[in-house]
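What follows is one structure encoded as structure tokens, with my remarks underneath.
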Amino acid sequence: PVQKPLVVVTRRLPDPIETRMMELFRARLNLDDTPMSQAQLIEAVKEAEVLVPTVTDRINSAVLSQAGPQLRLIASFGTGVDHIDLKTARQRGITVTNTPGVLTEDTADMTMALILSVSRRLTEGERLVRSGGWGGWSPTAMLGHRIWGKRLGIVGMGRIGSAVARRAKGFGLSVHYHNRRRVHEDVEAELEATYWESLDQMLARVDIISVNCPHTPATYHLLSARRLKLLQHHAIVVNTSRGEVIDENALTRLLAAGEVAGAGLDVFEHEPAVNPKLLKLDNVVLLPHLGSATIEGRMAMGEKVIINIKTFADGHTPPDRVLEAMF
Ligand code: 8YV
């Protein structure tokens, strides 16, 4: 087992996490918190025994092919691992871990916040008040749609999708879902969720779509132009997963044409770039990837990273090991 491994952390993490990392490991922190360039990542993997990247680091084959043999573990700070080339990591014998579970509830909260914001025109109304343009209450002004009694279609019924389903029940939504595999009947019964084997059929029948699946080669543009056109014109789309799961240009066109009624997006296809045409639309709520951005969540993510590194350094399989076969 590696003792006190050299751990390179690519971004600033919560202070107590960094302090603990300095105590436990030889931790090298990126104090200015700017995302590392590919050249900096390559420098990092030449020396690091453990790399702690985040979603803003592309740990692709170009980076991994430059890694020295001392790089044994990539302990990612986050749950999604689409920024890491898992196949190349496996071929080079590098273990990969993530931080699942601890950001489930926060991300599900953000999903509900977006559903409500879009349906009830929250940010539009806020902009009106702040602009000084609010002329006073009117019986017909800024009417949104109620969500109670509507049909929610969840794409990806994993941890986060299930947490969204639990909340949705409380808001009086009926829950529908599409997943690679149907979930266990007991879980389905608890969530009162209706399974759709055909995503196309589900899209045509729901009022709200929530994307909660990971981004993998199989889910890239899962919500393609063709599929988005299956939505009813009053439908709204919410995404707290990864921008790449939706064809953002197609969604933007349909929103502008009124063929999709609204969208709540916490993630984008080319983050932090946002399609400029989206910025002009009133029927969208746009957030800067805040799904897991709570103090509690980020602390728990950091603690998970530490446990994964410690367990690995002690010669055991880390609890949150990621295998290609999981996706
Ligand atoms: C973080 C996330 O914002 O965990 C994920 O997959 O998208 C978020 O929790 C980020 O990815 C941390 O690297």
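Derivation of every value follows stated rules applied to the coordinates shown; laboratory data play no part. All values derive from a computational prediction rather than experimental measurement. Methodologically, a virtual Cβ is constructed for each residue, glycine included, from the backbone with ideal geometry; neighbour enumeration extends over all protein chains shown.
Rounded to the nearest whole Hz, the Karplus-based 3J(HN,Hα) values (6.51 cos²θ - 1.76 cosθ + 1.60, θ = phi - 60°) of the range 244-258 follow the sequence 5, 6, 10, 6, 4, 5, 5, 4, 4, 4, 5, 5, 5, 7, x, with x at glycine and proline.
Largest mean-square fluctuation among 33, 266, 200, in a Gaussian network model of the chain whose springs join Cα atoms under 10 Å apart, belongs to 33. Listed values for the range 43-54 are Karplus-derived 3J(HN,Hα) couplings in whole Hz (6.51 cos²θ - 1.76 cosθ + 1.60, θ = phi - 60°), namely 4, 4, 6, 6, 10, 5, 8, 10, 10, 10, x, 10, and x replaces Gly and Pro. Largest GNM mean-square fluctuation among 130, 58, 242, using the chain with Cα springs under 10 Å: 130. Using amide H atoms built in the peptide plane, which far-off residues or other-chain residues are under 5 Å from residue 210 H to H? Placed amide hydrogens put 153, 154, 155, 238 under 5 Å from residue 210. Protection proxy ranking for 181-191, 59-69, using the average of other Cβ atoms within 10 Å per residue and placing the highest first: 59-69, 181-191. Close amide H pairs (under 5 Å, H built 1.01 Å from N) link residue 284 with 263, residues at least 5 positions away or on another chain. Divided by 2.2 N^0.38 Å, where N counts the residues, the Cα radius of gyration of the range 104-286 comes to 1.01.
When peptides 10-23, 135-148, 246-259, 269-282 are ranked by their average number of other Cβ atoms within 10 Å per residue, the highest-first order is 246-259, 10-23, 269-282, 135-148. Remark on the chain: Rg and Dmax equal 21.2, 69 Å (Cα only). Taking amide H positions as modeled 1.01 Å from N, with prolines and chain starts lacking one, the residues under 5 Å from residue 74 and 5 or more places away or on another chain are 51, 95, 96, 97.
In straight-distance terms, cross-link reach from residue 229 covers every one of the lysines whose alpha-carbon lies under 23 Å from its own, apart from those fewer than eight places away in the same chain; here that gives 150, 277, 280. Per-residue 3J(HN,Hα) values for the range 232-239, derived from phi via the Karplus relation 6.51 cos²θ - 1.76 cosθ + 1.60 with θ = phi - 60°, read 5, 5, 8, 6, 10, 10, 10, 9 Hz in sequence order (x marks Gly and Pro). Evaluated at q = 0.20, 0.27, 0.29 Å⁻¹, a Debye calculation over the C-alpha positions of the range 212-257 (equal weights, vacuum) places log10 I(q)/I(0) at -0.61, -1.04, -1.15.
May I ask which of 87/304; 169/310; 46/310 have a Cα-Cα span longer than 28 Å here? In this structure, 169/310 exceed 28 Å between Cα atoms.
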